[in-house]
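Every number in this text was worked out from the coordinates using simple rules, so none of it is lab data. What you see is a predicted model; the values in this text were computed from it and never measured. Reconstructed Cβ throughout: ideal geometry from the backbone, glycine too, with neighbour counts over all protein chains shown.
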Amino acid sequence: MHSAYTDNFSPAYIEAGTGEFWRANVALFAAAFSTFALLYCVQPLLPELARVFVLSPTESSLALSVPTAGLGLGLLIGGSASEVSGRKSIMCGSLIASALLTIAGAVAPSWSLFLVARALAGLALSGLPAVAMAYVSEEFHPRASGLAMGLYIGGTGIGGMTGRLIAGFLTDEFSWRWALGGIGAISLCLSVMFWLLLPVSRHFIAHEPSVIELLATAKAHLRDGGLIRLYVMGFILMGSNVSLFNYIAFRLVDPPYHLSQTAVGLIYLVYIFGMASSPWAGHLAAKRGSRTVLWILAVVMLVGVIITLAEPLWIVLAGFSVISFGFFGAHTVASAWIGRRAATGKALAASLYLFFYYAGASILGTATGKAWSGEGWAGVAASIIVVLAIGSVVSIRMRKIPEIQEPAAA
């Protein structure tokens, strides 16, 4: 017996369990891995960059805040450009350009030129995240899209984790320049894999560029209460996560821990818990509803921050494991909800979500540097507890928001 979905959706959609499903997911996983390895490989190196270029912790955090700002701004362009030229070509070009710019940053002779390369790399990366989300919502069968989104976001976790681990190890063994250059080279290879494996779009319909139409669609999205709350959640989730992982590196190289760059990089192994929570959260949200799952995961993340206030290293690591579990799960649920909630202009809706998402990384990731300089880890944790408390309230209030726009709202 066929399900309701079979009657309403073409068999050409990518079905779960098929060979095409796994090829598409391997390609998207490689793209997600590359994107987040390139973006976050500098995070454990912030203390080293501060030492080499004689910077404050807040100044060194610009190595991550600048590219995330470029990424957020570029997303508004990349998602719209893909509506005209197609999804796959935009994503592949994004991967190649960002890898080359990361290699350029590795040989930059000054801090200012390094930041220019990082900003351009972030801008180049903007051609992938929102477009990938739109590709999943268009090409995967609705029964498979939640799992596909979870696997994609799991890939972002593995990429971010592995990029940090490799960067820490290569910095200890050689230098931070070799670390960035090596990650750029790996990403170039993954770009080729992505191009060869990703199925062509079957359901993409090109649209002629229209500023008026774009602004009208953006206005409709920004007037939708459900989407606005999801954008706020993206800002809070990513801003909190980046802030915590930025300044834990400074905490761990200081007394009483005195950890090496390699050892600091190992803390990102807690992303394994995030990788596990992504597909699990997507599956649970499909069964129980995003409105039921999202607020619980936001609270889980808040509890993790409180745990990190303890002194013993193993408890700090346990707290970060809880944070990763809550963050990746909540981001998976919110990302999939965007695609269902937006009646039209799904790529732009995803772009707006990711704009707020990376704006949170840039703004909170740098702003909490002041808390670190003033009160140390207690100041960082207190700031993020307040932010996540606000996010928890927002997500609880979203229980009254339908997951799909009602006809009148659309």
Expressed as a fraction of 2.2 N^0.38 Å, the rule-of-thumb size for a compact globular protein of N residues, what is the C-alpha radius of gyration of region 56-174? 1.18
From fewest to most C-beta neighbours within 10 Å, the residues 357, 247 line up as 247, 357
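What whole-number value in cubic angstrom gives the convex hull volume per residue for the C-alpha atoms of the chain? Provide the component values of the computation, followed by the final result.
On the way: hull volume 52.4 nm³, N = 410.
Looking at the chain, the number lands at 128 Å³ per residue.
Find the lysine pairs in the chain meeting two conditions, Cα atoms under 26 Å apart and a separation of 8 or more places or different chains, and report how many there are. Don't jump to the answer; show the numbers that get you there.
Values: 88/346; 219/346; 219/400; 287/346; 287/400; 346/400.
Value for the chain: 6.
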FRET efficiency, 1/(1 + (r/R0)^6) with R0 56 Å, evaluated for residue 382 and residue 213 via beta carbons: 0.80
Roughly what would the spin-label model give for residue 22 and residue 318, points 7 Å off Cα along C-beta, in nm? 3.8
Residue 14 long-range amide H proximity, modeled H, under 5 Å: 140, 141
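Just the ratio, please: alpha-carbon radius of gyration of region 171-271 over 2.2 N^0.38 Å, N its number of residues. Present the calculation step by step, with values, prior to reporting the outcome.
Details: Rg = 21.4 Å, N = 101, 2.2 N^0.38 = 12.7 Å.
In units of the globular-protein estimate, region 171-271 measures up at 1.68.
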Determine, from the Cβ-Cβ distance of residue 200 and residue 113 and an R0 of 30 Å, the FRET efficiency 1/(1 + (r/R0)^6), rounded to the nearest 0.05. 0.20
Hey, what do the phi angles of region 306-319 turn into as Karplus ³J(HN,Hα) couplings, whole Hz, using 6.51/-1.76/1.60 and θ = phi - 60°, x for Gly and Pro? 4, 4, 5, 6, 5, 8, x, 4, 5, 6, 4, 5, 4, x
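Show that you can apply the helix-only estimate: for the chain, add -39,500 (n - 2.57) for every DSSP H stretch of four or more residues, divide by all residues, and state [θ] at 222 nm to the nearest 500.
One gets -27000 deg cm²/dmol as the mean residue ellipticity at 222 nm.
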Angle between the chain longest axis and helix 211-222 axis [Cα atoms, degrees, rounded to 10]: 80
Degrees between helix 271-288 axis and first principal axis of the chain (Cα, 0 to 90, nearest 10): 30
What residue among 292, 18, 171 has the largest mean-square fluctuation in a Gaussian network model of the chain, using Cα springs under 10 Å? 18
Among 274, 65, 222, pick out the residue whose Cα is farthest towards the positive end of the charge dipole of region 13-400, where Lys and Arg carry +1 and Asp and Glu carry -1 on C-beta, about the Cα centre. 222
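Considering only DSSP states other than H, G, I, E and B, which trypsin sites (Lys or Arg not before Pro) in region 207-285 qualify as loop sites with at most 14 other Cβ atoms within 10 Å?
Details: sites: 219, 223, 229, 251; in loops: 223.
Those that pass, being in a loop and sparsely packed, are 223.
Residue separation times 0.36 nm, minus the C-alpha to C-alpha distance between residue 389 and residue 262: what's the value? It would help to have the intermediate numbers written out before the result.
Working: separation 127, 0.36 × 127 = 45.72 nm, distance 3.29 nm.
Residue separation times 0.36 nm, minus the Cα-Cα distance, leaves 42.4 nm.
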Estimated dipole of the chain in Debye, rounded to 20 [Cβ of Lys and Arg +1, of Asp and Glu -1, Cα centre]: 600
Return a whole-number percent for the relative contact order of region 13-400, with Cα pairs under 8 Å and 6 or more residues apart as the contact set. 26
Against the longest alpha carbon principal axis of the chain, how many degrees, from 0 to 90 and to the nearest 10, is the axis of helix 377-397 turned? 10
